[in-house]
Structures are given as structure tokens and as C-alpha cells.
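The values are calculated or read from the model by the stated rules, or taken from the named source; none is laboratory data. Since the structure is predicted, the reported quantities are computational estimates derived from the model, not experimental observations. Note: ideal-geometry Cβ built from the backbone for every residue, glycine included; neighbour counts use all protein chains shown.
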Amino acid sequence: MTTSPTSFGPVLERIAEEIERTPGRGRPADYIPALAARDPRRFGMAVAEPDGTVYGVGDWREPFSAQSVTKVFTLALVLAREGDALWEHVGREPSGNRFNSLVQLEYEDGIPRNPFINAGALVVTDRLHTRSGDAAGELLAFLRAESGNPQLGFDEEVAASESAHGDRNAALAHFMASYGNIDNPVPVLLEQYFRQCSVAASCADLALAASFLARHGVRADGTRLLTRSQAKQVNAIMLTCGTYDAAGDFAYRVGLPGKSGVGGGIIAVVPGRCTLCVWSPGLDERGNSVAGVAALDRFNTLTGLSVF
Ligand code: GLU
């Protein structure tokens, strides 16, 4: 069945009913205690149209830990400021490795494969911090403005937990610093990065915040953040690198640019039409939300909306 793409409410209701009947939700991330406590049966989904209309179902207004979903926004903020110069510091190829892998960095002289693996995201946050003086603050201001939610903020417990269990990210940052690919002192960078990861936002907030990608680079207030070409570039990197080392399978099943995080959130973009955010904390073995991917798969099937 193909539902009219304008009637997102009934589509979301149907998806939520199907997800409710589906057993097996995966397991919440447990590498930091603050994430492990979430119930894997929680599920929310929101769709935002380019004019700011939002449809939602389930726990779509509940804040959750955005984690690596935020990497899309910091990438966009840096691209807006420095354009192609960014690509001297980070690549744009899928890594084929785990998101926090160290090995590839050594072979490739401290230049991370893409902005969405942790090493690449650390480089992006470092560059945003150098240019703005407050990378996490810049991100938060952007998310609040685009979502229209002034309550959106950092979860200090998650940030502290990340910091206490942050040895691997510290190793990545120090290693890249040894190649001259990090400007700021590593402890300063890590604090910014952990705050960035700790953003607590709802499906509605993140679907709205990502809408500039459906509007080809234009922000909610009508000003332009990215050129049309840069918006396409961010969408392309999401499609090829946005869902850890399962991006091929995600493209096959969902057919949309997407970015997931270990908090169980995933954002996805239908350029020109809408943005989606789905949240369910249970993850599969590659780190993507089990119910989240299933819901986006069903959305694509029911609406026919995809980039292909
Ligand atoms: N804060 C997490 C880390 O750097 C982000 C993980 C993720 O969502 O991919 O380990």
C-alpha cells in the first residue's frame, strides 16, 4: 500500500502499531551507565515538513540522548564556516570499521575516514571550537533555534559519564594531535565533544533541527546555513557513512540519508519533502536502533518516499 505522502499521521500510527507487535528490540548501549538504564520498548517517531509542521507518534516528545546524531549538526556548522578546507582534515569515505576504531588512523596518517566516526567527529568539533570559541554552545544555540525549543540542553549526567569512560576517545584525540590534526588542547576538545554527545532532545526537536537538510540548506528563519551543494554533500555523507558500518544495509532497507546514535535515535532526510527522527533505545550489534531502522524501513515502504 502507498499512502499519500501528505498524510503522515496515519502512516505513523500504523508504523507504531506494527512496531508494538514486534518482539526483540535489541539492547541499550551499556558502555556508559547513564544510557544502559533506558527501556528498549520505548518508541517514538516524528516527521517534520519543511514548513515546520510536525507529526508524531509514541514517545515523540520525550527527550533522549542524541549522541552521534549531533555529528550531523556540527558538520554542517563547520562546513558553513570553512567550506572545502575541512576536507584537508577529514575524509568522506565509509570506514568499514567500528565507529571508535584506532587502527585505520595509523595507516592513514591521522586523517579520519569521515566526519561521523568518532575520530572524524573529534576533528570537526575541534575545528568548530577553534572558529567559534565554544563548539558545544554553538551547537546548542543552533538546535534550540531550529527546533524552537529553548528547553533543549545538555544532560550533565551523561556528559560526566562519557568523560569518566572516555579513554578511547582520548586516545583517538591524542593520536590525531600527534599528527598535527587537532588544534585545541585534547582535554578542552574532549570536554566539548562529550557535551555535544550529551544533548538531550526529542524526536520532534531533532526532526525540526534537521529540516535545513530537507530545505536544501535553508534554516527555519529563512536564512541560508549551507549552499544547496553543501546540503547535498551532508546528505550524501549521511547516506554512505551515517549508520556506523551498516550504512549499506541501511541504504538498502531505508533508501534515505540517515544518522544514528547510540542513544537509539536516528534522523533521516527526504530532500525537499520532510525529515524524520525515530527513537527506541534497543540497539543491534552494529549500534543502530532495532525498532528505529524497522520503522524507517516501513515508512519508506508505506509512503514510497526515498532518494532512489
Ligand atoms: N559519545 C559517544 C562516543 O563517543 C557517541 C557514540 C555514538 O553515538 O556513536 O563514544
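Among the residues making up segment 226-250, those that are under 18 Å from GLY272 (Cα atoms) and either surrounded by 22 or more Cβ atoms within 10 Å (Cβ to Cβ) or under 13 Å from the mean Cα position of the chain (by Cα) (or both) are LEU226, ALA231, VAL234, ASN235, ILE237, MET238, LEU239. For segment 126-173, the set of residues classified as loosely packed, with under 15 Cβ neighbours inside 10 Å and assigned to a loop (DSSP other than H, G, I, E, B) consists of GLY133, ASP134, GLY148, PRO150, GLN151, HIS165, listed by residue number. For segment 47-60, the criterion of being among the β-branched types (Val, Ile, Thr), in a helix (DSSP H, G or I) and farther than 12 Å from SER202 by Cα is met by none of the residues.
Evaluating MET176 against the criteria (1) farther than 22 Å from CYS241 by Cα; (2) more than 21 Å from the chain's Cα centre (by Cα); (3) buried (at least 22 other Cβ atoms within 10 Å of the Cβ) leaves one unmet condition, (1).
Among the candidates ALA34, ALA48, single out the residue that is within 29 Å of GLY148 (Cβ to Cβ), small (Gly, Ala, Ser), within 16 Å of the ligand (Cβ to nearest atom) and in contact (Cβ under 8 Å) with a residue 24 or more places away in the chain. After applying the criteria, what remains is ALA34. Can you say whether GLU191 is within 14 Å of the ligand (Cβ to nearest atom), out of contact with any helix residue (DSSP H, G or I) (no Cβ under 6 Å at 6 or more places or on another chain) and part of a helix (DSSP H, G or I), as far as the supplied structure shows? Yes.
Step by step: first the residues of segment 250-273, then only those that are of a type in the set (Gly, Ala, Ser) and more than 13 Å from PHE308 (Cβ to Cβ), then the one that is farthest from the ligand (Cβ to nearest atom). Which residue is that? Applying the filter and picking the extreme gives GLY272. When the residues of segment 104-124 are filtered to those that are in a helix (DSSP H, G or I) and of a type in the set (S, T, N, Q), the one that is farthest from the ligand (Cβ to nearest atom) is GLN104. All told, ARG41 meets the bar of being more than 19 Å from the chain's Cα centre (by Cα), assigned to a loop (DSSP other than H, G, I, E, B) and farther than 23 Å from GLY242 by Cα.
In segment 68-103, of all residues being within 16 Å of the ligand (Cβ to nearest atom) and part of a helix (DSSP H, G or I), the one that is nearest to ILE267 (Cα to Cα) corresponds to VAL69. Of the residues making up segment 256-308, those that are of a type in the set (Val, Ile, Thr), assigned to a strand (DSSP E or B) and under 17 Å from PRO63 (Cβ atoms) are ILE266, ILE267, VAL278.
Residue pairs whose Cβ atoms lie under 7 Å apart, sitting 6 or more positions apart in sequence or on different chains, and linking a residue in segment 244-263 that is over 20 Å from THR70 (Cα atoms) to a partner that is at pLDDT 95 or above and among the acidic types (Asp, Glu), are ARG253/ASP297; VAL254/ASP297.
Can you tell me which residue among ASP249, ASP221, ASP245 is modelled with pLDDT of 95 or more and assigned to a helix (DSSP H, G or I)? Sole residue among the options that is modelled with pLDDT of 95 or more and assigned to a helix (DSSP H, G or I): ASP249.
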